[in-house]
Amino acid sequence: MSRNPRDTPASTRKITRRAAVLGGAQLAFMGLLAGRMRHLQVDQADQFRMLAEENRINLRLIPPARGEIFDRNGLPIARNEPAYRITIVREDAGNVEEVISRLAQLIRLEPEDIERAMSEMKRSAPFLPITLAERVSWEDVSKIAVNTPALPGITPDVGLSRFYPLEKDFAHVVGYVGPVSDYDLSKIDDPDQLLRIPRFQIGKVGLEAKMEDKLRGSAGTRRVEVNAVGRVMRELDRREGEPGANLQLTTDVMLQNYVQARLGDESAAAVVIDTTNGDLLAVGSAPSFDPNLFVRGISVSDYRALTQNNHRPLAAKSVQGIYPPGSTFKMVVALAGLDAGLITPEDTYWCGGYLEVSNRRFHCWKRGGHGHVNMAQSLRESCDVYYYELASRVGIEKITAMANRLGLGVRHELPLSAVAGGLAPTKAWKREVHDQDWLIGDTVNAAIGQGYVLASPLQLAVMTARIASGRAVSPRLIKSIDGVEEPSGAGESLGLNPVHLAYVRDGMYEVSNNRKGTGYSSRIIAEDKRMAGKSGTSQVRNISAAERAAGVTSNEDLPWERRDHALWVDFAPFDDPKIAVAVVVEHGGGGSSAAAPIARDITLQALYQGDPPLEAYPAKDRDRIAKQQERLRALRPDLGREAKSRA
């Protein structure tokens with residue numbers, strides 16, 4: 001088809017205009033693009049260079065080694081040990097289920113561990129290692145190494161884990177560590193970034209928790225090069241952190257082991273304290289538990305067994321448990337009366353078996369009474385009526401003041417969980433707490449360590465140490481931190497009349513060494529090791545008038561939880577006191593029958609720093625003690641050749 005010649009110039013002009021517009025638009029776009037590129041590459045170059053560098057190089061924390069804990073002789077109580085674990089990387093494994101199935105044919109894998117690992121893999125990047133099994137043996141690691149070609153993505157790894165070689169012996173003192181929880185983080189205002197490292201462990205209870213800041217140490221760092229998706233390509237450099245501080249305790253491993261073994265299956269507690277400086281040589285609570293179970297992740301069945309045990313193995317009874325001190329409180333009342341000048345040691349009270357106060361009878365443990373009793377006799381035979389009379393004259397305020405002076409009703413500062421303050425009541429306390437006036441009957445009850453009076457085994461040991469030394473001895477658990485000695489707990493003088501203290505000590509000596517003493521059957525024969533003690537029995541139920549008239553039901557005929565608590569305190573040697581001991585046996589019955597034999601054995605073990613000779617015991621007990629020593633020796637820890645030589 002032929003084109004009209006006149007149409008050609010017009011068409012050409014249209015095309016030229018369109019080309020000019022299009023070219024102008026392209027030039028404008030390119031100009032804007034060039035300007036933007038200049039802005040990004042020149043004006044903001046430094047900022048983007050910094051961002052790029054941060055994406056390429058990451059700083060990562062290195063967990064420090066936790067400080068270790070030793071006894072007074074340098075034997076390990078809590079230490080770190082290499083712990084092998086098995087990890088899997090999903091992207092390297094390919095078929096994860098098949099690889100795990102092969103691994104399970106080589107080593108034991110718990111179903112819950114597999115389930116947890118699979119759950120973690122679903123919410124983690126495919127290149128991140130996920131832990132399949134922890135604390136595996138070297139033999140298992142060797143099996144995996146040999147079969148590496150058949151186990152893609154599986155890698156043995158090693159790190160440090162907390163280990164308690166003495167297991168149950170120090171569970172209530174040292175406590176245990178565990179993974180950081182959301183609850184742990186919620187209690188800290190500005191948590192250390194270390195605490196956000198997966199599976200990082202911190203102290204949960206006991207010394208591990210209270211000394212966490214010292215034991216944890218500070219993190220190290222490593223600079224790593226990562227790619228765009230965050231995978232580590234190589235490590236550029238590393239700076240190790242500061243390990244936690246090592247703690248040396250005042251406790252003695254062998255004595256602590258003996259205390260725990262001697263308490264056995266009883267629901268009981270015992271404390272041994274050095275009367276010269278306050279060092280806690282042993283702090284026992286029974287029954288106990290293995291803290292390693294918590295470090296590894298305790299099973300539901302194991303935890304249920306602990307919580308449902310009516311002997312409360314998780315409770316640190318030596319410092320948390322508070323009990324009516326019973327007749328062990330009588331030394332407090334005696335010293336309060338002497339200090340106030342209201343009585344002399346030779347003054348007597350008549351005990352006819354009871355004292356009537358405000359139309360109520362307060363009975364003595366001896367139904368027929370003790371007759372005329374002075375201070376030494378009242379302690380030796382534990383006459384209740386003597387102290388009813390004395391307390392009525394002295395008054396609760398002076399008694400409580402003396403109790404505080406001797407360490408009762410006072411919370412002693414120790415790095416342990418839930419240290420109890422006990423209770424030494426006053427009139428103001430009763431008005432504030434119970435909105436009631438103080439009654440004379442309350443004072444009479446307090447006279448024999450019943451009623452509102454409460455004390456822990458730790459406080460009873462401190463009280464006994466102060467009576468023995470005449471000084472304000474304070475308990476000390478940590479001997480040194482990284483080799484730096486902690487202050488002594490020897491304390492200043494109590495300011496009590498030495499003659500008054502001597503009267504009370506002599507009365508305690510009669511308890512253990514006079515044939516009429518309530519603790520005579522548990523005496524020490526060795527002349528240079530003789531102890532002075534005091535028994536105590538505290539009721540946990542009310543005895544009705546009808547039951548008393550018919551005859552009080554014996555502890556053996558009552559259910560365990562309704563039996564009396566048994567208590568005993570002592571110090572030894574009498575002429576030169578070195579240690580003080582307190583023992584409480586929950587629902588054990590009589591203090592002289594249940595608690596005194598345990599305390600006597602612990603006292604001798606502490607004085608001889610090992611098994612005492614049989615000659616230190618009464619002849620009638622020696623065959624039984626020989627068998628007991630053989631049985632308890634079998635329960636002692638194997639500390640290893642090096643540890644034994646250091647001891």
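Has the range 191-211 got at least one residue that is part of a helix (DSSP H, G or I), at pLDDT 80 or above and surrounded by fewer than 16 Cβ atoms within 10 Å (Cβ to Cβ)?
Within the range 191-211, the subset part of a helix (DSSP H, G or I) is 193-196, 206-210.
Subsequent filtering for residues that are at pLDDT 80 or above retains 206-210.
Those left that are additionally surrounded by fewer than 16 Cβ atoms within 10 Å (Cβ to Cβ): none.
No.
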### Residue satisfying all of: in the range 549-563; surrounded by 11 or more Cβ atoms within 10 Å (Cβ to Cβ) and modelled with pLDDT of 85 or more; farthest from Arg361 (Cα to Cα) among these
Glu561
### Elements of type helices (runs of 4 or more DSSP H) contained in the range 240-340, each with 2 or more residues being touching a residue at least 60 places away in the same chain (Cβ under 8 Å) and farther than 28 Å from Gly536 by Cα
292-296
### Task
Inspect the range 94-103 for any residue being among the small types (Gly, Ala, Ser), surrounded by 17 or more Cβ atoms within 10 Å (Cβ to Cβ) and either in contact with an Asp or Glu (Cβ under 7 Å, 6 or more places away or on another chain) or not in a strand (DSSP E or B) (or both) and give the result as yes or no.
no
### Task
State whether one or more residues within the range 351-372 are surrounded by fewer than 24 Cβ atoms within 10 Å (Cβ to Cβ), β-branched (Val, Ile, Thr) and not in a loop (DSSP other than H, G, I, E, B).
yes
#### Entry: Selection from the range 612-647 of residues that are surrounded by 13 or more Cβ atoms within 10 Å (Cβ to Cβ), at pLDDT 95 or above and in a loop (DSSP other than H, G, I, E, B)
Pro612, Tyr617, Pro618
### Query
When the residues of the range 576-593 are filtered to those that are in contact (Cβ under 8 Å) with a residue 24 or more places away in the chain and assigned to a loop (DSSP other than H, G, I, E, B), which remaining residue is nearest to the chain's Cα centre (by Cα)?
Glu586
### Message
For the range 403-437, which positions are part of a helix (DSSP H, G or I) and either in contact with a Pro (Cβ under 6 Å, 6 or more places away or on another chain) or charged (D, E, K, R) (or both)?
### Response
Arg405, Lys427, Lys430, Arg431, Glu432
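Could you tell me whether Arg60 is at pLDDT below 70, surrounded by 10 or more Cβ atoms within 10 Å (Cβ to Cβ) and part of a strand (DSSP E or B)?
Yes.
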### Summary
Taking first residues from the range 458-485 that are closer than 21 Å to Pro577 by Cβ and second residues anywhere that are buried (at least 24 other Cβ atoms within 10 Å of the Cβ) and among the hydroxyl-bearing types (Ser, Thr, Tyr), the pairs with Cβ under 8 Å that are 6 or more apart or on different chains are Leu458/Ser318; Leu460/Thr328; Met463/Thr328; Ala465/Thr275; Ala468/Thr275; Ser469/Thr275; Val473/Thr275; Leu477/Thr251
#### Entry: Answer residue from the range 433-443, given it is touching a residue at least 12 places away in the same chain (Cβ under 8 Å) and surrounded by fewer than 23 Cβ atoms within 10 Å (Cβ to Cβ) and is farthest from Ser382 (Cα to Cα) among those
Trp438
#### Entry: Failed item in (1) among the β-branched types (Val, Ile, Thr); (2) over 17 Å from Gln256 (Cα atoms); (3) at pLDDT 85 or above, with Val583 passing the rest
(2)
### Query
Has the range 454-467 got any residue that is within 12 Å of Pro325 (Cα to Cα) and over 28 Å from the mean Cα position of the chain (by Cα)?
no
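If only one of Ser488, Ser480 is out of contact with any Pro (no Cβ under 8 Å at 6 or more places or on another chain) and in a strand (DSSP E or B), which one is it?
Only one candidate passes the filter, namely Ser480.
The values are calculated or read from the model by the stated rules, or taken from the named source; none is laboratory data. All of these numbers come straight from a predicted model, not from anything done at the bench. Neighbour counts are summed over all protein chains in view; Cβ atoms, including those assigned to glycine, are modelled from backbone coordinates with ideal geometry.
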